[in-house]
Amino acid sequence: MMKKPKLGQNFLVDESAIQRIASALGDVSGRTVVEIGPGHGAITDLLATRVKRLHCVEFDPALARELTFRFRNEAHVTIHHADILQTDLAGLGTSLDVIGNLPYYITSDILLHLFGFARVGVVARAVLMMQREVAERIAASPGVSDYGPLSAFTQLHGSVTNLLTLPPGAFDPPPDVWSTVLRLDFAPRFAELGVEAEGFNRFLRASFMQKRKTLANNLRNAGYGAADVAAAWPVGVDERVRSEAVSLEGMAALYRGLVGER
């Protein structure tokens with residue numbers, strides 16, 4: 001079957017990696033799992049023998065038809081010909097496990113989509129493959145150059161574990177980059193940090209709007225008054241600091257000061 005690189009289709013063919021990724025969710029015998037972009041079903045074949053319920057979301061119509069035929073006799077496996085970004089995961093269950101090889105060009109969009117469902121308890125954990133450089137940004141700590149908005153949003157929603165990194169030769173066709181598999185255990189921190197989810201998410205977006213500007217300048221550009229920012233500024237945080245050097249705790253303290261929450 002012809003590959004479609006424009007869809008981000010690089011199919012995993014390394015058998016050892018397939019086994020490790022399928023096993024990374026642990027015991028799923030009583031769980032509902034959602035697989036994003038199953039492709040030709042290398043991981044799907046293993047999951048189908050282990051899970052209570054399996055939903056596969058495949059954007060490519062030809063692959064969706066192939067998988068529908070292959071699993072036609074497996075009542076617990078459902079193939080959805082759909083765009084994951086348009087899929088209401090709440091309709092598939094609660095406390096879901098998610099697994100998938102994410103198309104590199106929409107990795108961030110998919111992660112943000114999952115975070116929304118994690119906040120309401122629909123998604124519990126995810127094992128996701130992505131471009132190595134993106135994975136490094138996600139796992140970065142405040143104060144290092146890789147830390148940015150995707151790092152903050154991910155770590156706001158749960159913990160990150162680096163599972164394995166794969167060379168281009170593990171795929172057909174080989175991509176131009178290395179790939180990393182992360183496990184995300186979702187445990188949103190909004191209540192712990194004393195912030196309201198939607199408002200704090202908007203605040204973080206504004207804080208990271210322009211990477212080369214200081215946090216204070218980004219907030220002023222987002223419409224916060226200079227005097228308000230100064231009054232809410234956390235003790236011990238340099239006023240010239242950039243957003244990537246501030247912890248989530250520091251960001252939350254500043255946000256609470258600005259919106260009057262203590």
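The values are calculated or read from the model by the stated rules, or taken from the named source; none is laboratory data. Being a predicted model, the structure only gives us computed values, none of them experimental. Virtual Cβ from ideal backbone geometry, glycine too; neighbours counted across all protein chains shown. Each accessible area value is taken on the protein alone, full model and side chains, heavy atoms only, with ligands, DNA and RNA left out. Shrake-Rupley method; radii C 1.70, N 1.55, O 1.52, S 1.80 Å.
Relative to the longest principal axis of the chain, what angle (0 to 90°, nearest 10) does the C-alpha long axis of helix 197-207 take? Once rounded, the angle reads 70 degrees. Net charge dipole, the chain: roughly 280 debye, given to the nearest 20, about the Cα centre with Cβ charges of +1 for Lys and Arg and -1 for Asp and Glu.
Ligands, DNA and RNA left out, the 1.4 Å accessible surface of the chain is 51% carbon and sulfur atoms. For region 240-255, putting each phi into the Karplus relation 6.51 cos²θ - 1.76 cosθ + 1.60 with θ = phi - 60° gives couplings of 9, 5, 8, 4, 5, 9, 9, 5, 4, 4, x, 4, 5, 4, 5, 4 Hz, in residue order, rounded to whole numbers and with x for Gly and Pro. Note on region 246-260 and region 124-168: Cα centroid distance 22 Å, given to the nearest whole angstrom.
Using a probe of 1.4 angstrom and keeping all protein chains present, the accessible surface of region 160-260 works out to 50 square angstrom per residue.
Other residues with beta-carbon under 12 Å from the beta-carbon of residue 230 carry, at +1 per Lys or Arg and -1 per Asp or Glu, a net charge of -1. If you sort the three axes of the alpha carbon gyration tensor as a ≥ b ≥ c, you get a/c of 1.5 or more for region 69-203 and a/b no higher than b/c, which makes it oblate. DSSP finds beta bridges in region 65-217, and of those with both partners inside it, around 70 percent are antiparallel. Per DSSP H run of n ≥ 4, the term is -39500 (n - 2.57); total these for the chain, divide by its residue number, and report the mean residue ellipticity at 222 nm rounded to 500 deg cm²/dmol. Taking each H run of at least 4 residues, the total per residue is -10000 deg cm²/dmol. Of the beta bridges in the chain, as assigned by DSSP with both residues counted there, near 45 percent are antiparallel.
Computed with a 1.4 Å probe over protein heavy atoms only, the accessible surface of region 3-128 comes to 44 Å² per residue. The angle between the Cα long axis of helix 107-118 and the main principal axis of the chain comes to about 80°, on a 0 to 90 degree scale.
Packing order of peptides 23-29, 44-50, highest average first: 44-50, 23-29 (average count of other Cβ atoms within 10 Å over each peptide's residues). Can you tell me how region 1-134 classifies by the Cα gyration tensor, rounded, prolate or oblate, using a/c under 1.5 as the rounded cut? Rounded, because the longest to shortest axis ratio a/c is under 1.5.
Going by accessible surface with a 1.4 Å probe and the largest first, 20, 65 read 65, 20.
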